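A quick write-up on the structure given underneath.
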Amino acid sequence: MTKWLRKIWNEVARPIFLRPQRVQFAALCTRETPDGPEVLLITSRETRRWIIPKGWPVDGMDGAETALQEAWEEAGVRAPNPSKDPIGRYTYDKILKDGTACSVLTNVYRVDVQDLEDDFPEAGKRERVWVSPSIAAERVNEPELRDLLLQV
């Protein structure tokens, strides 16, 4: 009986309760100012909440390259390649088009912004703003992202 219960748990119940997370890559875009560091926030397209640029994995790109590509497409960021090592990670529930939620683990790469273009793929679809890390932490919804922002 024990083998049967273990098999049911491992093959049926466990996958239902412990769904694997999906993975995204994000760019924590920063710049230095005379008043201290600033963080670039953008709005999401659907809910208009404040986020950092992020996206799904891209074939042929590693996490850092994907994060930099998302920063360009979503915010017009121009920067040298970010560090290949993430500075942290956070989780959030992404609401899919069918209304269901999926848990997403987001690896975050720091991007030191050199230039911010006005003409970029998602210009007009998002707002963007430079703010202090503490203000950025107040504006985002994800607690783990708040913690990362306060470490800038």
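Values as computed for the structure displayed
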{"read-out": "Per-residue Cβ neighbour rank within 10 angstrom, fewest leading, Thr106, Thr33", "value": "Thr33, Thr106"}
{"read-out": "Charge tally in the Cβ shell below 14 Å around Tyr92, where Lys, Arg are +1 and Asp, Glu are -1, Tyr92 excluded", "value": "+1"}
{"read-out": "Distance between the stretch 19-42 and the stretch 122-152 - C-alpha centres, whole angstrom", "value": "7"}
{"read-out": "In nm, spacing of pseudo-spin labels at Val58 and Ala123 (7 Å Cα→C-beta vector)", "value": "1.8"}
{"read-out": "Proximal charge balance of Thr30 [Cβ under 11 Å; K/R count +1, D/E count -1]", "value": "-1"}
{"read-out": "For the stretch 102-152, alpha-carbon Rg over 2.2 N^0.38 Å", "value": "1.33"}
{"read-out": "Tilt relative to the chain, helix 63-75 - C-alpha long axis, 0 to 90 degrees, to 10", "value": "60"}
{"read-out": "Distance in nm between pseudo-label sites at Asp93 and Arg48 (7 Å out along the Cβ direction from Cα)", "value": "2.3"}
{"read-out": "Hydrodynamic radius (Kirkwood) for the chain, which is based on Cα pairs only, to one decimal in Å", "value": "16.7"}
{"read-out": "Length-normalised contact order of the stretch 20-149 in % [C-alpha pairs under 8 Å, at least 6 apart]", "value": "33"}
{"read-out": "Net lengthening on full extension, Ser103/Ser83 (0.36 nm per residue, minus Cα-Cα)", "value": "4.7 nm"}
{"read-out": "Stretch gain in nm, segment Asp35-Arg139, where the contour uses 0.36 nm per residue and the Cα spacing is subtracted", "value": "35.5 nm"}
{"read-out": "Residue-averaged 222 nm ellipticity for the chain, from DSSP H runs of 4+ at -39500 (n - 2.57), nearest 500", "value": "-6500 deg cm²/dmol"}
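Here, each number is a calculation from the coordinates, and none is a lab measurement. In this text, all values refer to a predicted model and were calculated from it rather than measured experimentally. Every residue, glycine as well, gets a Cβ built from its backbone with ideal geometry; the counts of neighbours run over all protein chains shown.
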